[in-house]
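Each remark here refers to the structure printed beneath this line.
Quick note: the coordinates plus some simple rules give every number you see, no bench work behind them. Quantities reported herein were computed from a predicted structural model and do not represent experimental measurements. Don't worry about glycine lacking a Cβ; one is built from the backbone with ideal geometry, like all the others, and counts go over all protein chains shown.
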């Protein structure tokens with residue numbers, strides 16, 4: 001049973017009266033069908049509207065195969081009753097801006113670069129157009145400029161209905177996906193497309209179109225874009241980030257790239273120097289730890305909780321200790337929950353991962369590894385208790401190996 005789709009002829013309609021035709025319970029919700037509705041269902045890349053029907057909140061809107069529109073609501077309504085629907089205008093207008101912006105941008109891609117739109121997705125924070133071919137950054141800028149020029153001309157956006165035979169004689173940007181009566185959206189003297197979505201009345205209401213990113217996708221190009229209020233929010237976030245960076249680095253906005261590059265160069269040099277110092281320190285610390293190690297037969301067990309070492313440093317320290325023959329190192333961070341590294345010399349054969357697994361079973365956390373080294377984190381317990389169990393497990397593993 002079809003529903004009269006009020007948004008087809010008036011996308012700006014947000015309040016309407018209707019009669020409840022059918023109500024069906026589903027889990028903790030109800031599926032409501034009305035004789036007429038302004039609520040847009042998910043379709044054609046555009047998400048559904050939100051709002052209320054009397055006191056019931058609409059949480060989803062679905063386009064049914066029989067032509068009806070199902071409204072998912074949070075409370076039951078009385079079949080046959082007359083109700084008042086209210087569409088969330090903020091969400092609706094945002095979708096109108098994005099969808100009309102997509103029509104305009106897709107047309108500009110075709111006019112300026114011969115790039116056809118394969119698909120469109122209107123997301124919660126940004127939207128995307130998939131093009132059938134790749135374009136250069138310079139071409140994308142040219143297309144973006146062209147689309148905004150048409151936008152600023154504030155051209156009329158018209159809705160009309162035609163038959164399939166009439167549509168066949170019109171210069172549609174894309175061949176219709178279905179037969180029967182078609183709803184056309186026309187951006188005056190620029191684009192004509194079959195579409196069931198909601199759109200603004202004039203291009204000026206889109207606000208602006210900004211391409212926010214692009215990437216290769218399935219042999220073509222995926223373009224991310226923002227329109228209207230979304231573009232304004234993105235601009236504000238960008239200026240906030242730039243202003244903060246300018247203050248921190250004491251440079252002008254156009255000097256930011258070179259300042260960041262300089263910081264990266266200095267950071268890489270410092271990291272390299274730090275890694276070299278870690279290596280040297282690990283050798284000296286490991287020697288001290290091995291000297292204080294415990295004997296298990298003719299093997300040396302090095303078990304210690306060492307403060308001030310991060311995961312990478314702990315790994316270097318354990319590897320340095322285990323570089324000596326017949327040596328096993330189990331090292332923990334002194335802070336809880338603990339990081340742990342288990343390393344053995346190459347002349348031993350037991351699996352360090354198996355030892356770590358049993359430590360995790362007892363003290364929690366997670367990690368992995370096999371062969372000569374395993375590492376984990378999140379172990380909770382007294383370091384002494386962890387090390388005592390580790391020594392017991394290593395002793396057993398050495399006997400079995």
P(r) tail fraction, the range 1-80 - alpha-carbon pairs more than 15 Å apart, %
52 percent
Give me 227, 195 sorted ascending by neighbouring Cβ count inside 10 Å, so fewest comes first.
195, 227
1/(1 + (r/R0)^6) with r = Cβ-Cβ of residue 26 and residue 84, R0 = 35 Å, i.e. FRET efficiency to nearest 0.05, evaluates to 0.95
Could you work out how far helix 89-113 tilts from the main Cα principal axis of the chain, as a 0 to 90 degree angle to the nearest 10?
90 degrees
In whole percent, what relative contact order does the range 274-400 give with Cα contacts below 8 Å and a gap of six or more residues?
20 percent
Quote the FRET efficiency, to the nearest 0.05, computed for residue 250 versus residue 229 with a Förster distance R0 of 41 Å and r equal to the Cβ-Cβ distance.
0.80
On the formula 1/(1 + (r/R0)^6), with r taken between the Cβ atoms of residue 347 and residue 218 and R0 of 56 Å, the FRET efficiency rounded to 0.05 is 0.60
Which length gain, in nm to one decimal place, applies between residue 279 and residue 334 when the Cα-Cα distance is subtracted from 0.36 nm times their residue separation?
17.8 nm
Ratio of alpha-carbon Rg to the 2.2 N^0.38 Å globular estimate for the range 266-330, to two decimals, please.
1.22
Expected max-MSF residue from 237, 164, 291 in the GNM of the chain (alpha carbon, under 10 Å) is 291
Counting each DSSP H run of 4 or more residues in the chain as -39500 (n - 2.57), what helix-only mean residue ellipticity at 222 nm follows after dividing by all residues, to the nearest 500 deg cm²/dmol?
-12000 deg cm²/dmol
Arrange 188, 169 by Cβ neighbour counts within 10 Å, fewest through most, would you?
169, 188
Contour excess over end-to-end distance, with Cα ends at residue 399 and residue 174 and 0.36 nm allotted per residue:
73.5 nm
Nearest 10 degrees is fine. How inclined is helix 228-249 to the longest principal axis of the chain, computing both from alpha carbons?
30 degrees
Inverse of mean 1/r across different Cα pairs in the chain, Kirkwood, Å:
27.0 Å
Give the residues of the range 326-351 whose amide nitrogen is closer than 20 Å to a point set 7 Å from the Cα of residue 370 in the direction of its Cβ.
341-351
Place the peptides 27-39, 252-264 in order of packing, highest mean first, counting for every residue the other Cβ atoms within 10 Å and averaging per peptide.
27-39, 252-264
Let me have the relative contact order for the chain, percent, based on Cα pairs under 8 Å that are six or more residues apart.
10 percent
Residues of the range 218-232 with amide N under 11 Å of a point placed 7 Å along Cα→Cβ from residue 139:
220-221
Cβ neighbours within 10 Å, averaged per peptide: list 311-324, 266-279, 106-119 in order, most packed at the top.
311-324, 106-119, 266-279
Below 8 Å between Cα atoms, with a sequence gap of 6+, how large is the relative contact order for the range 93-236 in percent?
32 percent
Could you tell me the distance between the Cα centroids of the range 116-130 and the range 209-270, to the nearest Å?
21 Å
Identify which of 373, 208, 96 has the largest mean-square fluctuation in a Gaussian network model of the chain, with springs joining Cα atoms closer than 10 Å.
373
Which residues does a label at residue 153 reach in the range 84-114, if reach means a backbone N under 18 Å from a point 7 Å past the Cα toward the Cβ?
100-114
Taking the Cα atoms of the range 93-236, report the difference between the largest and smallest coordinate on each principal axis, in whole Å and largest first.
44, 33, 26
With a 10 Å Cβ neighbour count serving as the proxy for reagent exposure, in which order, fewest first, do 224, 181 appear?
181, 224
Using only the alpha-carbon atoms, how far is helix 383-400 inclined from the longest principal axis of the chain? Give it as 0 to 90 degrees, nearest 10.
70 degrees
Among 175, 22, 382, which one shows the highest mean-square fluctuation when the chain is modelled as a Gaussian network with alpha-carbon springs under 10 Å?
382
